[in-house]
Amino acid sequence: QVQLVESGGGLVQPGGSLRLSCAAAGFTFSSYNMNWYRQAPGKERELVATITSTGSTYYADSVRGRSTISRDNAKNTVYLQMNNLKPDDTAVYYCHCRLGLGRYWGQGTQVTVSS
């Protein structure tokens, strides 16, 4: 059974940093691309960052230069380091992977950027 469990969200002031973690289980983690999405109130869910099975990365324009996605295949965990956070980064952040025809999501972790 595929499981994705996010952690690391919280309340942070503008300009601050957070590191989100997503622990995966139930599949061969190292073989699959992993993604972070976010959904702000009243907005559609959007892709934030992707890391492929070979370590290549992709970032949305809104976070490029401020965020780093990484993975530790020994720990079956993907991370999202976010720096210089802005109020517009406030959202629920979701870990996601696609395994064949199936799409899997974590439960999400809330990030709130506010002074």
Flag if GLN81 is in contact with a Gly (Cβ under 6 Å, 6 or more places away or on another chain), in a strand (DSSP E or B) and either open to solvent by less than 40 Å² (accessible area, probe 1.4 Å) or in contact (Cβ under 8 Å) with a residue 12 or more places away in the chain (or both): no
Residues of segment 63-72 satisfying the condition of being surrounded by 14 or more Cβ atoms within 10 Å (Cβ to Cβ) and assigned to a loop (DSSP other than H, G, I, E, B): VAL63, ARG66
Residue within segment 53-60 that is within 20 Å of VAL2 (Cα to Cα) and either touching a residue at least 24 places away in the same chain (Cβ under 8 Å) or not charged (D, E, K, R) (or both) present: yes
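Can you name every residue in segment 43-62 that is charged (D, E, K, R) and not in a loop (DSSP other than H, G, I, E, B)? Talk me through it step by step, then tell me what you get.
Our first condition is that a residue be charged (D, E, K, R); within segment 43-62, this holds for 43-46, 61.
Answer for segment 43-62, where residues must be charged (D, E, K, R) and not in a loop (DSSP other than H, G, I, E, B): just GLU46.
So which of GLY55, GLY10 ends up being open to solvent by 30 Å² or more (accessible area, probe 1.4 Å) and at positive phi? If you could, list the steps in order and put the result at the bottom.
Numbers: GLY10 fails: open to solvent by 30 Å² or more (accessible area, probe 1.4 Å).
Exactly one residue qualifies, and that residue is GLY55.
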Members of segment 91-104 found to be open to solvent by 60 Å² or more (accessible area, probe 1.4 Å), at pLDDT 95 or above and out of contact with any Lys or Arg (no Cβ under 9 Å at 6 or more places or on another chain), listed by number: ARG98, ARG103
Given (1) open to solvent by 50 Å² or more (accessible area, probe 1.4 Å); (2) within 26 Å of GLN1 (Cα to Cα); (3) not in a strand (DSSP E or B); (4) not charged (D, E, K, R), index of the condition PHE27 fails: (1)
Segment 1-41, residues that are modelled with pLDDT under 95 and farther than 16 Å from GLY108 by Cβ: GLN1
Unmet requirement for ASN76, which otherwise passes all of (1) farther than 19 Å from VAL2 by Cβ; (2) surrounded by 14 or more Cβ atoms within 10 Å (Cβ to Cβ): (1)
Flag if THR50 is touching a residue at least 12 places away in the same chain (Cβ under 8 Å), among the hydroxyl-bearing types (Ser, Thr, Tyr) and farther than 20 Å from GLN3 by Cα: no
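The values are calculated or read from the model by the stated rules, or taken from the named source; none is laboratory data. No experiment lies behind these values; they were computed from the predicted model shown. When we count neighbours, we look across all protein chains shown, and the Cβ atoms used for this are built from the backbone with ideal geometry, even at glycine. SASA here: full protein model, heavy atoms, side chains in, ligands and nucleic acids out. Shrake-Rupley method; radii C 1.70, N 1.55, O 1.52, S 1.80 Å.
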